[in-house]
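K.L.:
Here it is, the structure in full.
The values are calculated or read from the model by the stated rules, or taken from the named source; none is laboratory data. Computed from a predicted model, the values in this text were never measured in an experiment. Here Cβ is always computed from backbone atoms with ideal geometry, including for glycine, and neighbour counts include all displayed protein chains. Side chains are part of the model used for accessible areas, which takes the heavy atoms of the whole protein and leaves out ligands, DNA and RNA. Shrake-Rupley method; radii C 1.70, N 1.55, O 1.52, S 1.80 Å.
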Amino acid sequence: MKDPRIITGFSRLSKDEKVDLVAGQVKHPLQFAETLRSSWHRDPLVQKLYDEFSENTLSNYYFPYGVAPNFLINGKLYIVPLVIEESSVVAAASGAAKFWAERGGFHSEVISMKKIGQVHFLWKGDIQPLKDDFPIIKQRLLERTHPITENMKLRGGGISDIELVDMTDSIPDYYQIKGWFDTRDSMGANFINSCLEEFADQLKEYVTEDERLDENNLEIIMSILSNYTPECRVNTWVECDLSTRQGFDDSYSDEDFVRRFQTGIAIAQVDVNRATTHNKGIFNGIDAVALATGNDFRAMEACGHTWASRDGKYKSLSEISVKDGKFRFSLDIPLAIGTVGGLTNLHPLAKYSLELLGNPGADELMMIASAAGLANNYAAVKSLVTKGIQKGHMKMHLLNILNVFQATEAEKKQAIEFFKHEKVAYSTVSKFIESIR
Ligand code: MEV
């Protein structure tokens, strides 16, 4: 890599110029430029669509698009699309889905679907007149946002409530206008942010117009939705009867398996190091559904981790209960996911993902994504407390290692056969390839 220098006007260059300029930064510019160009979509119109999702786009970055069949959720079968680069996640989800499909499947219910946004502002004077006037201000905010909320209201959504919140205990003069929003099937970020910016403008106007209030007391700091959505939540669980043999694992009796599994979850409840990895396993499934359906996985992750710390200590998002002869493994999680708007209807594969899922509403997609999260969590903890994660994971990862050595198809075949009975590691695969070449 050459020394980067300040580049001005980069965004105004043509795409070819950008590719050549950027490729010129590495040791093999021609190969880099060729790799970038060879990843363009063959249809220029589709490529243009991809280019316009973002800025300074040079190419597409491929991720595998896979599916996990046999997800039975509330009695309905789904083939769940998953976009993820990590080997063994799709296999784990598929295995868990099949196991639980034979035991009644996933049960899921949406608890609520409200989202939050805030106008953060400073008010330097006496707050009482603003507090007294707030019912009138609130009415005005609702009325003046009508052009933004009109369509959402027709779909049954809109602004559910608005409150004035005193935050002066934390920061002097700091207040919020806090709004609750029902964005129906959309994730709703743009809708909420537009409403909030209108709230801020209207607050300014109100304060300016009312001679009892001094407009110099008001300073709007920012208006933005909150990605923390504890009131947009879904609860998903699997359960089975322990009085009959379930055959959770080949090497352990049901009793031992359940005891070890339960301890595995308990550890993630008390130890923050384990909890982080445990929850990462849940997001393996959730993020993969989010990506496959064109949703914002960063928002969902940020929210999930905040929720995991709601009691003041970060802990496992999933819970287990074993009582009265019943095993119940559950995930209660906020998920702001959408099936309209954003990329959901723009990205060609996101559209097909939704069609594959039967064009669900946001509530149904919350259930599907959380089931994928719970399935991955079940599969990961099951492996961890039985045979260990590496055996299965490295078997799945074998092809990646073989690809690093540019193994031929014949070599791959030989390696797969050989490693059926051997431990897969980078070094053992390297030695094996050396030995057969
Ligand atoms: C790897 O992507 C995810 C796991 O580490 C999750 C877990 O440890 O529970 C296997």
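K.L.:
Give me the one-decimal nm value for the distance between modelled label points at residue 416 and residue 60, 7 Å along each residue's Cα-to-Cβ direction.
P.N.:
Taking the two extended label points, one gets 2.6 nm.
K.L.:
Please work out how much length the chain gains when fully extended from residue 272 to residue 102, using 0.36 nm per residue of separation minus the C-alpha to C-alpha distance, in nm with one decimal. Can you show the working numbers first?
P.N.:
Numbers: separation 170, 0.36 × 170 = 61.20 nm, distance 3.34 nm.
Stretched out fully, the residue 272 to residue 102 stretch lengthens by 57.9 nm.
K.L.:
Further question: Assuming R0 = 41 Å, can you tell me the calculated FRET efficiency for the pair residue 243 and residue 391, based on Cβ-Cβ distance, to the nearest 0.05?
P.N.:
Values: r = 31 Å, r/R0 = 0.76.
The pair residue 243/residue 391 has a calculated efficiency of 0.85.
K.L.:
Which residues in the stretch 226-260 have a backbone N closer than 15 Å to a point placed 7 Å from the Cα of residue 109 along the Cα-to-Cβ line?
P.N.:
What the label zone holds, given the 15 Å backbone N cut-off, is 233-239.
K.L.:
When the chain is treated as a GNM, springs tying every alpha-carbon pair under 10 Å, which of 196, 30, 72 comes out with the largest mean-square fluctuation?
P.N.:
Greatest mean-square fluctuation among the candidates belongs to 30.
K.L.:
Stretch residue 356-residue 128 to full length: gain in nm at 0.36 nm per residue minus the Cα-Cα span? Present the calculation step by step, with values, prior to reporting the outcome.
P.N.:
On the way: separation 228, 0.36 × 228 = 82.08 nm, distance 5.46 nm.
Taking residue 356 through residue 128 to full extension adds about 76.6 nm, to one decimal.
K.L.:
Once you have a ≥ b ≥ c as the square roots of the Cα gyration tensor eigenvalues for the stretch 174-238, tell me rounded if a/c is under 1.5, and otherwise prolate or oblate according to whether a/b is larger than b/c. Numbers along the way, then the final one.
P.N.:
Values: a/c = 3.66, a/b = 2.72, b/c = 1.34.
In terms of gyration-tensor shape, prolate.
K.L.:
If you don't mind, another one. Explain nothing, just the number: dipole magnitude of the stretch 393-436 about its Cα centre with +1 on each Lys and Arg Cβ and -1 on each Asp and Glu Cβ, in debye rounded to the nearest 20. Could you put the intermediate results ahead of the total?
P.N.:
Details: 6 positive and 5 negative charges, 32 e Å.
With only Lys, Arg, Asp and Glu charged at Cβ, the dipole is about 160 debye.
K.L.:
Which shape class applies to the stretch 1-62: rounded if a/c is under 1.5, otherwise prolate when a/b exceeds b/c and oblate if not, where a ≥ b ≥ c are the square roots of the Cα gyration tensor eigenvalues?
P.N.:
Numbers: a/c = 2.49, a/b = 1.39, b/c = 1.79.
Since a/c reaches 1.5 but b/c is at least a/b, the shape of the stretch 1-62 is classed as oblate.
K.L.:
Comparing 295, 193, 56, which has the greatest mean-square fluctuation in the GNM of the chain with Cα pairs linked when under 10 Å apart?
P.N.:
56
K.L.:
Sticking with this structure for a sec: Classify the stretch 113-225 from the C-alpha gyration tensor, please: rounded if a/c falls under 1.5, else prolate or oblate depending on whether a/b exceeds b/c. Intermediate results must be reported in sequence, preceding the final value.
P.N.:
Details: a/c = 2.32, a/b = 1.70, b/c = 1.36.
It is prolate, given that a/c is not under 1.5 and a/b is the larger ratio.
K.L.:
Any idea of the accessible area per residue across the stretch 298-437, 1.4 Å probe, to the nearest Å²? Each step should come with its number before you reach the end.
P.N.:
Values: 6840 Å² over 140 residues.
Solvent-accessible surface per residue comes out at 49 Å².
K.L.:
Please report, in debye to the nearest 20, how large the charge dipole of the chain is about its Cα centre when each Lys and Arg carries +1 at its beta carbon and each Asp and Glu carries -1 there. Walk me through the numbers before you get to the answer.
P.N.:
On the way: 49 positive and 59 negative charges, 438 e Å.
Dipole about the Cα centre, nearest 20: 2100 debye.
K.L.:
Quick one: angle between helix 409-418 and the longest Cα principal axis of the chain, in degrees between 0 and 90, rounded to 10, please.
P.N.:
Result, in degrees: 80.
K.L.:
Hey, if you put +1 on the Cβ of every Lys and Arg and -1 on every Asp and Glu Cβ in the chain, which of 435, 290, 305 ends up farthest toward the positive end of that dipole?
P.N.:
435
K.L.:
So for 381, 272, what's the accessible-area order with a 1.4 Å probe, most first? Could you put the intermediate results ahead of the total?
P.N.:
Details: 381 5, 272 70 Å².
Sorted by accessible area, descending: 272, 381.
K.L.:
Let me ask another. Which order do peptides 74-84, 123-133, 92-102 fall in by mean Cβ count within 10 Å, highest first?
P.N.:
Details: 74-84: 18.9, 123-133: 14.5, 92-102: 22.3.
So the peptides 74-84, 123-133, 92-102, ranked by packing, come out 92-102, 74-84, 123-133.
K.L.:
Identify, among 270, 137, 419, the residue whose Cα sits farthest towards the positive end of the charge dipole of the chain, taking +1 on the Cβ of Lys and Arg and -1 on the Cβ of Asp and Glu, with the dipole about the Cα centre.
P.N.:
419
K.L.:
Let me ask you something else. Among 242, 213, 224, which residue has its Cα positioned farthest towards the positive end of the charge dipole of the stretch 139-270, with +1 placed on the Cβ of Lys and Arg, -1 on the Cβ of Asp and Glu, and the dipole taken about the Cα centre?
P.N.:
Farthest along the dipole direction, towards plus: 242.
K.L.:
With 24 Å as the limit, write out which pairs from 114/323; 315/351; 315/391; 391/412 have Cα-Cα distances beyond it, or answer none.
P.N.:
114/323; 315/351; 315/391
K.L.:
Roughly what angle does helix 389-404 make with the longest principal axis of the chain, taking Cα atoms, 0 to 90 degrees, to the nearest 10?
P.N.:
For 389-404 against the chain, the angle is about 80 degrees.
K.L.:
With the cut-off at 40 Å, report for the chain the share of all Cα pairs above it, as a whole percent. It would help to have the intermediate numbers written out before the result.
P.N.:
Values: 32972 of 95266 pairs.
Across the chain, Cα pairs with separations above 40 Å total 35 percent.
K.L.:
With r defined as the distance between the Cβ atoms of residue 46 and residue 85 and R0 fixed at 30 Å, what FRET efficiency is calculated, to the nearest 0.05?
P.N.:
Numbers: r = 22 Å, r/R0 = 0.73.
So, using R0 = 30 Å, E works out to roughly 0.85.
K.L.:
If you put +1 on each Lys and Arg Cβ and -1 on each Asp and Glu Cβ, how big is the dipole of the stretch 147-247 around its Cα centre, in Debye rounded to 20?
P.N.:
On the way: 8 positive and 21 negative charges, 172 e Å.
Magnitude of the dipole: close to 820 debye.
K.L.:
I would also like to ask the following. Take 222, 167 and sort them by solvent-accessible surface of the protein heavy atoms, 1.4 Å probe, largest at the top.
P.N.:
Numbers: 222 100, 167 50 Å².
Largest to smallest exposure gives the sequence 222, 167.
K.L.:
When you count, for each residue, the other Cβ atoms within 10 Å and take the mean per peptide, how do 209-218, 258-267 rank with the highest first?
P.N.:
Numbers: 209-218: 13.2, 258-267: 17.2.
Answer by packing, highest mean first, reads 258-267, 209-218.
K.L.:
A follow-up question, please. Do the alpha carbons of any pairs in 15/153; 76/115; 48/115; 76/280 sit beyond 30 Å of each other, and which pairs? Mind showing how you got there, number by number?
P.N.:
Values: 15/153 41 Å; 76/115 27 Å; 48/115 33 Å; 76/280 27 Å.
Beyond 30 Å: 15/153; 48/115.
K.L.:
Would you mind putting 353-366, 416-429 in packing order, based on average other-beta-carbon counts within 10 Å, highest first? Mind dumping the intermediate values first?
P.N.:
Details: 353-366: 19.1, 416-429: 13.6.
Final packing ranking: 353-366, 416-429.
K.L.:
Compute a Gaussian network model of the chain, connecting alpha carbons closer than 10 Å, and tell me which residue from 59, 88, 383 fluctuates the most.
P.N.:
59
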